[in-house]
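K.L.:
A single structure is presented below for examination.
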Amino acid sequence: MSKLVRGILPALVTPFDDNLELAIDRVEPLVRSLLDTDITGFFVCGGTGEGRVMTVPERQQMGEAAVKTVAGQVPVILHVGGTTTEEAVTLAGHAATIDADAVASVAPADKPNDLTAAVAHYSAIGGASELPFYVYWLASDADRSVTPGQFLDAMQDVPHFTGIKFTDTNFYLFQQLVDISSGQINAITGPDEMCAAGMIMGSDGAIGSTYNIMPRIFSGMYAAFHEGRVQEAMEAQVQANKVISLMMNVGVMGALKAMLGWRGLPVGPPRLPNKPLTGEEDAWLRQKIESLDFDVV
């Protein structure tokens, strides 16, 4: 069965300048650097892309720049949620006009943990275009009172529902969604630190923050698992998690943007509530990364 998303997709960082203004000229070199690896798509303006703290015009500009640079080489999914339903519908309609490949959304910002509200929100977005629609399942916003079967039944009312980006640690629930749907949904995992585990539980691919800086480690992990070299995939996960652990010590978003800057890809600081690294944190992280016995690529 053909599915849009397979493999490793960076949740693309949004570049800002030092004044926290959108630096659209920095999108192309960032995207091209990742296209030179084995990544298989991009997820734009999600949590890592800081979509929640961007205006609608900024998100439209970022989507346009990403789609234009990718030029059809891999799928581009635009996250349109994290805002009002009306603005999400506007963003979804715009996504169709710029030839994005799909749209996605978290649950409504004003009514998390409510499946009925989520279905109304998703239905409006899914009906705004003919693009495939992905539910961005965040553990903090999900309605835990419903079973996987009830969730999938509810999604039948959402136009163009195609799959789910599952950012949660309950992989039993994820596996049930895959199983009950008979593998029909495009099932994508979110937690970078559990990417290999997601493959075991039936994921088609993965979307994550640290794929911006470790695309080859994760693409290698994906290839190894699907070629039957499971031990090698596990070892790649251990390597990735050593880096992720270091990043968590100083703040993942600040670390992510700093590390891209080290590579000659300036993407500026993050917007609040995330914070940039201090000079001491930057020096500490650099020393720790350089002391690892493998390449962070």
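K.L.:
With N residues in segment 86-149, what two-decimal value do you get for its Cα radius of gyration over 2.2 N^0.38 Å? Mind showing how you got there, number by number?
P.N.:
Details: Rg = 12.1 Å, N = 64, 2.2 N^0.38 = 10.7 Å.
With N residues counted in segment 86-149, Rg over 2.2 N^0.38 Å equals 1.13.
K.L.:
Moving to a separate point now. What net charge is computed for the residues neighbouring residue 26, neighbours being all others with C-beta under 12 Å from the C-beta of residue 26, Lys and Arg scored +1, Asp and Glu -1? Spell out each step's value before the answer.
P.N.:
Working: positive: 32, 257; negative: 17, 18, 21, 25, 28.
Around residue 26, the charge tally is -3.
K.L.:
Ok, one more. Working out 0.36 nm times the residue gap between residue 98 and residue 234, then minus their Cα-Cα distance, what length gain in nm do you get to one decimal? Please report the intermediate quantities before stating the final value.
P.N.:
Working: separation 136, 0.36 × 136 = 48.96 nm, distance 3.85 nm.
Net length gain for the segment: 45.1 nm.
K.L.:
What nm distance separates the two modelled labels at residue 25 and residue 245, each placed 7 Å from Cα along Cα→Cβ?
P.N.:
So the two model labels end up 4.2 nm from each other.
K.L.:
Sort 134, 172, 222 by heavy-atom solvent-accessible area, probe 1.4 angstrom, most to least. All intermediate terms of the calculation are to be shown ahead of the outcome.
P.N.:
Details: 134 5, 172 145, 222 45 Å².
From most exposed to least exposed: 172, 222, 134.
K.L.:
Sticking with this structure for a sec: Scattering from the C-alpha atoms of segment 99-242 alone, worked out with Debye: what is log10 I(q)/I(0) at q = 0.10, 0.12, 0.18 1/Å?
P.N.:
Treating every Cα as an identical point scatterer, log10 I(q)/I(0) equals -0.35, -0.50, -1.03.
K.L.:
Using only alpha carbons, build the gyration tensor for segment 1-45 and give me the equivalent ellipsoid semi-axes, biggest first, whole Å. It would help to have the intermediate numbers written out before the result.
P.N.:
Values: eigenvalues 129, 26, 9 Å².
They are 25, 11, 7 Å, listed largest first.
K.L.:
Sticking with the crude label model, points 7 Å out along Cα→Cβ, report the distance from residue 56 to residue 139 in nm, one decimal please.
P.N.:
3.3
K.L.:
What whole-number volume per residue, in cubic angstrom, does the convex hull of the C-alpha atoms of segment 182-241 give? It would help to have the intermediate numbers written out before the result.
P.N.:
Working: hull volume 4.3 nm³, N = 60.
Convex hull of Cα atoms, per residue: 72 Å³.
K.L.:
How much of the DSSP beta bridge set in the chain is antiparallel, as a percent to the nearest 5? Kindly include the intermediate steps, with their values, before the conclusion.
P.N.:
Numbers: 1 of 28 bridges.
For the chain, the DSSP antiparallel bridge percentage is about 5.
K.L.:
Please give me the summed charge of the neighbours of residue 241: other residues whose Cβ is under 12 Å from its Cβ, Lys and Arg +1, Asp and Glu -1. Walk me through the numbers before you get to the answer.
P.N.:
On the way: positive: 242; negative: 192, 193, 235.
Net charge around residue 241: -2.
K.L.:
Taking the alpha-carbon centroid of each part, what is the distance from segment 17-49 to segment 274-297 in angstrom?
P.N.:
Using only Cα atoms to place each centre, the spacing works out to 20 Å.
K.L.:
Compute the distance in nm between two label points, each set 7 Å from the Cα along the Cα-to-Cβ direction, one at residue 293 and one at residue 169.
P.N.:
2.8
K.L.:
So how exposed is residue 79, as accessible area in Å² (1.4 Å probe, rounded to 10)?
P.N.:
In the full protein context, residue 79 sits at about 10 Å².
The values are calculated or read from the model by the stated rules, or taken from the named source; none is laboratory data. Keep in mind that this is a model prediction, so the values were computed, not measured. All Cβ positions, even for glycine, are placed from backbone atoms using ideal geometry, and neighbour counts span all protein chains on display. Keep in mind that these areas ignore ligands, DNA and RNA; they rest on the heavy atoms of the full protein, side chains included. Shrake-Rupley method; radii C 1.70, N 1.55, O 1.52, S 1.80 Å.
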